[in-house]
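What follows is a set of notes on a single structure, which appears directly below.
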């Protein structure tokens, strides 16, 4: 029993010593933590401690990280995928408009030459640039048509030669009165040469033009000589295909 008392007393004394040690040092620990906190708050950003070490600011060299590069490549790929279809459509529309404008400009030239020269002029389809033959998309000529209507006779001047279109993509066909030629009198009228022509683009590359607002235009010529270009869905359009 006495032995146990001495053991308990020794344990108690040891505990008191440990307690005194921690009480003595906890104040030091607290002060150290307060000092460290105040030092970090007043320290420059490039001197903040990292883990158990203090690191200085390192100059960053130019360039991209792999992650940044992959991000830029991904965004670029998405933008390209979104933009390419729109760009292709714009190019197609520009080609259609260019072909229509070229044909209409030649028609206006034929009409104005008839008035200026005070004689009949004719615009006809021509694959050789010298006579009326072939299809409209092969090309066309404008000539002074003073003798046989629709025929280039000897001595009749050819005023314009049109190069035609890409037959692999375009068709240009007219209905009855304008299927082969369009004539203008000395007053600029086109009596008997009124009609409608369909210029079509083969969008799906199947060998046939596509008669819709995205791929076709309709050129209308009235008896008075007025020339208009309309969409296929316009109320004044009476033809319904690329081969009226």
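Taking the condition of being assigned to a loop (DSSP other than H, G, I, E, B) and closer than 14 Å to residue 233 by Cα, how many residues in region 193-222 meet it? Quick ask: steps written out before the conclusion?
Here is the first cut: in region 193-222, the ones assigned to a loop (DSSP other than H, G, I, E, B) are 193-194, 202-209, 211-215, 222.
Checking which are closer than 14 Å to residue 233 by Cα leaves us with 211-215.
The qualifying residues number 5.
State all residues of region 223-244 that are in contact (Cβ under 8 Å) with a residue 40 or more places away in the chain and assigned to a strand (DSSP E or B); if no residue qualifies, say none. Spell out how you get there, then give the answer.
Restricting attention to region 223-244, the residues satisfying the condition of being in contact (Cβ under 8 Å) with a residue 40 or more places away in the chain are 225, 227, 229, 237-239, 241-244.
Within region 223-244, 227, 229 qualify.
Cβ-Cβ below 8 Å, separation at least six or inter-chain, first residue in region 102-122 and free of Cβ contacts under 8 Å to residues at least 12 places away in the same chain and on the phi < 0 side of the Ramachandran plot, second surrounded by 16 or more Cβ atoms within 10 Å (Cβ to Cβ) and assigned to a helix (DSSP H, G or I): which pairs?
Here the result reads none, with nothing in region 102-122 linked to a residue that is surrounded by 16 or more Cβ atoms within 10 Å (Cβ to Cβ) and assigned to a helix (DSSP H, G or I).
In this structure, does residue 219 turn out to be modelled with pLDDT of 95 or more and touching a helix residue (DSSP H, G or I) at 6+ places or on another chain (Cβ under 7 Å)?
On the way: modelled with pLDDT of 95 or more: yes; touching a helix residue (DSSP H, G or I) at 6+ places or on another chain (Cβ under 7 Å): yes.
Yes: the conditions hold for residue 219.
For region 123-139, check the following and say yes or no: at least one residue is touching a strand residue (DSSP E or B) at 6+ places or on another chain (Cβ under 7 Å), over 17 Å from residue 196 (Cβ atoms) and part of a helix (DSSP H, G or I).
yes
Among the residues in region 222-235, are any farther than 21 Å from residue 99 by Cβ and outside the structural domain of residue 89 (by TED's automatic domain parsing)?
yes
Only one residue in 110, 114 is at pLDDT 95 or above, over 30 Å from residue 169 (Cβ atoms) and touching a strand residue (DSSP E or B) at 6+ places or on another chain (Cβ under 8 Å), so which one is that?
Values: 110 fails: over 30 Å from residue 169 (Cβ atoms).
Just a single option satisfies the conditions, and that option is 114.
If I go through region 199-224 residue by residue, how many of them are within 20 Å of residue 181 (Cα to Cα) and in contact with a strand residue (DSSP E or B) (Cβ under 6 Å, 6 or more places away or on another chain)? Spell out the reasoning first.
So the first thing to find is which residues in region 199-224 are within 20 Å of residue 181 (Cα to Cα), and the list is 199-200, 217-224.
Cutting the leftovers down to in contact with a strand residue (DSSP E or B) (Cβ under 6 Å, 6 or more places away or on another chain) gives us 199-200, 217-221.
Residues meeting the conditions: 7.
Quick one: in region 180-192, of everything that is in a loop (DSSP other than H, G, I, E, B) and in contact (Cβ under 8 Å) with a residue 40 or more places away in the chain, which residue is surrounded by the most Cβ atoms within 10 Å (Cβ to Cβ)?
Among residues in region 180-192 that are in a loop (DSSP other than H, G, I, E, B) and in contact (Cβ under 8 Å) with a residue 40 or more places away in the chain, the one surrounded by the most Cβ atoms within 10 Å (Cβ to Cβ) is 190.
Here's a check for you: in region 140-165, which residue that is surrounded by fewer than 19 Cβ atoms within 10 Å (Cβ to Cβ) and free of Cβ contacts under 8 Å to residues at least 24 places away in the same chain is nearest to residue 244 (Cα to Cα)? Quick ask: steps written out before the conclusion?
Of all residues in region 140-165, those surrounded by fewer than 19 Cβ atoms within 10 Å (Cβ to Cβ) come to 146-151, 153-161, 163.
Next cut, free of Cβ contacts under 8 Å to residues at least 24 places away in the same chain only: 147-148, 151, 153-157.
Numbers: 147: 29, 148: 26, 151: 23, 153: 29, 154: 33, 155: 34, 156: 31, 157: 31 Å.
So, considering only residues that are surrounded by fewer than 19 Cβ atoms within 10 Å (Cβ to Cβ) and free of Cβ contacts under 8 Å to residues at least 24 places away in the same chain, the one nearest to residue 244 (Cα to Cα) is 151.
The values are calculated or read from the model by the stated rules, or taken from the named source; none is laboratory data. Since the structure is predicted, the reported quantities are computational estimates derived from the model, not experimental observations. Counting neighbours? That spans all protein chains shown, and the Cβs are built from the backbone with ideal geometry, glycine included.
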